Amino acid sequence: MVKTRTQNGVAIKPPTSKASEDEEYEMNNDFESKSSDEETNKKKRKSRKTNATSKAKRQKAEPSSKSKAPNKGAAAKGGRRRKTLSLLPTMPLDVLFEIFRHLSPKDLINLSRTSTAFEKTMSDPRTSTVWIAARRVLDAPDPAKGFTEVQWGELLFDNSCERCGAKNNQDVDWNILKRTCSSCKRSHLLGAKDQDFNKTFFGYPSEIFDCLPNTNIRPWTKETYDPDHEIRKLYWIPDVHEMAKEWNTRRAAAKTSPEASEAFDTWREERKAIVQAHSAMVTTYKEWHESYLEEKEYEKYEGKMKRLKAAKLRLLNEGHSQVDIDNSIFSWSDGIRTGTPNISNSGASSSFELDLKLIIPFGSLDQDSS
């Protein structure tokens, strides 16, 4: 039995089955649309989460763009990307040889000290041809016995003390093949007349000194003064200690068999022969070194005169009189005495700026301008 409701006295019939089916269909459609929207949103949220995770992984694996920004900014600030030689040691050796053959021995020494990579490259035995070519350009003598090309180049062309590193040390003691400062010579050279000689070399056989080079040159002090300095024999202390170790090792081995004893005698005679051959070459080494220093001084003087000529020409082109220029700058003036030696004209000396109001003391500027 179906109950009916009355509204304002009019009976309301219940909806027909078709109408109820339509309403139910609409409700089902609304529910399905809502559920499909929720599923779509879930898929979107899941995809966003996945993209964010993969992006974070990429950021960990690869450097971010922010980390690269300072380099780009630095390059943009300078207007040009900075050029370095960091990849030069990784180039093939034949290419490096072609570059290095244009360098002087001093340039090769400086290059070998710029980084560990260059040090390994320049000390490689395969680069000995580069050192030989650079040495022969200056007609330098061949290396002495026991020296590599690199060690020989540093002895001939470097200007620092090999013991303490003191700069501007032009003196080489060719008797013992050492480039050392005065302080190191005082503290590392000992002779038989020095009171510390027996204490320092206590227990050393006297024969080992025949296998070592010696010198008679040492800075004069009250303690080391010797009236017979021309015939005295001074030995480099570290070399004596090193020779004593090798001597004792070979001497102990010589007692094991006749063959080892004969090998020891042969080695001892070879060492004596090396010392004698070296003594015969001392004069040759000295003459070459003196000639090399004279040539360096001439190049220095020639570069100074080029700078002076370029500076005078520049001032003359600016309208100053020749008399004022000649009375204002000289070869010993600041900016002329030192600087780049390759200046050949006034255009090449653009970095050389002179304030004529300071260097012309005669007040002739006002006269010229009037």
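The values are calculated or read from the model by the stated rules, or taken from the named source; none is laboratory data. Computed from a prediction, not measured in an experiment: that's the story for all the values here. With ideal geometry, Cβ positions are generated from the backbone for all residues, glycine too; neighbour counts draw on all protein chains shown. The area values use the complete protein model at the heavy-atom level, side chains included, leaving out ligands, DNA and RNA. Shrake-Rupley method; radii C 1.70, N 1.55, O 1.52, S 1.80 Å.
Below, the figures for the structure above:
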item	result
Some residue of segment 247-267 being modelled with pLDDT under 90, surrounded by fewer than 16 Cβ atoms within 10 Å (Cβ to Cβ) and of a type in the set (A, V, I, L, M, F, W, C)	no
Residues satisfying the stated conditions in segment 99-108, i.e. under 19 Å from residue 84 (Cα atoms), open to solvent by less than 60 Å² (accessible area, probe 1.4 Å), modelled with pLDDT of 90 or more and in a helix (DSSP H, G or I)	108
All positions within segment 290-312 that are surrounded by fewer than 15 Cβ atoms within 10 Å (Cβ to Cβ) and more than 33 Å from the chain's Cα centre (by Cα)	none
Positions within segment 133-159 being in contact (Cβ under 8 Å) with a residue 40 or more places away in the chain, farther than 23 Å from residue 279 by Cβ and open to solvent by 40 Å² or more (accessible area, probe 1.4 Å), in sequence order	138
Members of segment 229-281 that are of a type in the set (Lys, Arg) and within 16 Å of residue 147 (Cβ to Cβ)	271
Conditions (1) in a helix (DSSP H, G or I); (2) open to solvent by less than 70 Å² (accessible area, probe 1.4 Å); (3) not acidic (Asp, Glu): number failed by residue 219	(1)
Meets criteria (free of Cβ contacts under 8 Å to residues at least 60 places away in the same chain, buried (at least 17 other Cβ atoms within 10 Å of the Cβ) and touching an Asp or Glu at 6+ places or on another chain (Cβ under 8 Å)) for residue 190	yes
Some residue of segment 169-191 being assigned to a loop (DSSP other than H, G, I, E, B) and farther than 27 Å from residue 292 by Cα	no
Any hit, segment 125-142, residues being of a type in the set (Val, Ile, Thr) and under 16 Å from the mean Cα position of the chain (by Cα)	no
